[in-house]
Amino acid sequence: MTQPTILIVDDEAGVRELLADALGMSGYTTIQAADGIEALTVLHRQTVDLLLIDINMPKMDGFQLLEKHRHDGHQTPAILLSARGDRSDITTGLKLGADDYVTKPFGLEELVLRIAAVLRRTMPTQQTERVLQCGPVSLDQARHVVRVEDDVVELTQTEFRLLEELMLRAGFVVTKETLLRAVWEIEFDSNTTVVDTYISYLRKKLHREGYAGIKTIRGAGFQLLAK
């Protein structure tokens, strides 16, 4: 299944690489551009599924890029990034056709989730359903199939949902509270050990020789790594 492609437009190379790494771990294909002019060149060559655009750039800023892209008749979903939280900037971006606006500094986990939300709204269901991959573990969202390397692993519905939440946030520390809300719909503080119990079930089924990617981060939560 084709992975959604995201064009990252930012004049800071370090920021582009950070975003590319985070999005790559979350199952997206990324392309990079250092400014608005380079981004337009990329967009003339190929179609992407989402634009991640920094506002403050030389040559052509994010507003100008989005305005030009929309003027050319393209409706590619776009999320604007800015260190400025001015309400007028947010209003300008939304008027130009941005789908979301994220103020720097932002959490990478939050950004990945907001990207997923925009894609769910703007792409056909069959396109946004994808195979998530983290190291030897793959999870096919459409078929509800989990594999470690080539071996199919049988999971219960709850185990599948828990693994899916970890894989959507692969590389990030996910709190127990986040998992309780997402998987069990528990919205209040709880001393329940259900998350720990199901994490242990997943480890027994997924951890193999050479792979032990589900980590407990003491006092913080859980993290899924590629190795």
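A short reminder: the numbers here are calculations on the coordinates, not readings from a lab. Since this is a predicted model, take the numbers as computed values, not measurements. Cβ atoms come from the backbone with ideal geometry, glycine included; neighbour counts cover every protein chain shown.
The simple Förster model, with R0 at 45 Å and r as the Cβ-Cβ distance, assigns ARG70 and ILE186 a FRET efficiency of 0.60. Applying the criteria of a DSSP loop state and at most 15 other Cβ atoms within 10 Å to the GluC sites (Glu not before Pro) of the range 122-227 yields GLU129, GLU149, GLU154, GLU185, GLU187, GLU209. Based on alpha carbons, the Rg and Dmax found for the range 1-44 are 10.6, 31 Å. The Cα center of the range 20-69 and the Cα center of the range 78-125 differ in position by 13 Å.
Computed FRET efficiency, Cβ-Cβ of ALA220 and ASN56, R0 45 Å: what is it to the nearest 0.05?
Details: r = 32 Å, r/R0 = 0.72.
The computed FRET efficiency comes out at 0.90.
Remark on MET60: its backbone amide H falls under 5 Å from those of GLY36, ILE37, a criterion applied only to residues 5 or more positions apart or on other chains, H modelled at 1.01 Å from N. Listed values [x] 18.9; [y] 20.0; [z] 18.1 include one computed from this model; for Kirkwood radius over Cα pairs in Å that value carries the label [x].
In terms of surrounding Cβ atoms within a 10 Å radius of their Cβ, ASP89, ASP196 rank from fewest to most as ASP196, ASP89. Karplus-based coupling profile of the range 6-19, in residue order and whole Hz: 10, 8, 9, 10, 7, 7, 9, 4, x, 5, 4, 5, 4, 5, with θ = phi - 60° in 6.51 cos²θ - 1.76 cosθ + 1.60 and x standing for Gly or Pro.
Proximity of backbone amide H atoms, modeled 1.01 Å from N, is registered between ASP11 and no other residue at under 5 Å, excluding neighbours fewer than 5 places apart on the same chain. Each Lys or Arg adds one and each Asp or Glu subtracts one; over the other residues with Cβ under 13 Å from the Cβ of GLY97, this totals -1.
Here the sum of -39500 (n - 2.57) over DSSP H runs of 4 or more residues, divided by the residues of the chain, equals -11500 deg cm²/dmol at 222 nm, to the nearest 500.
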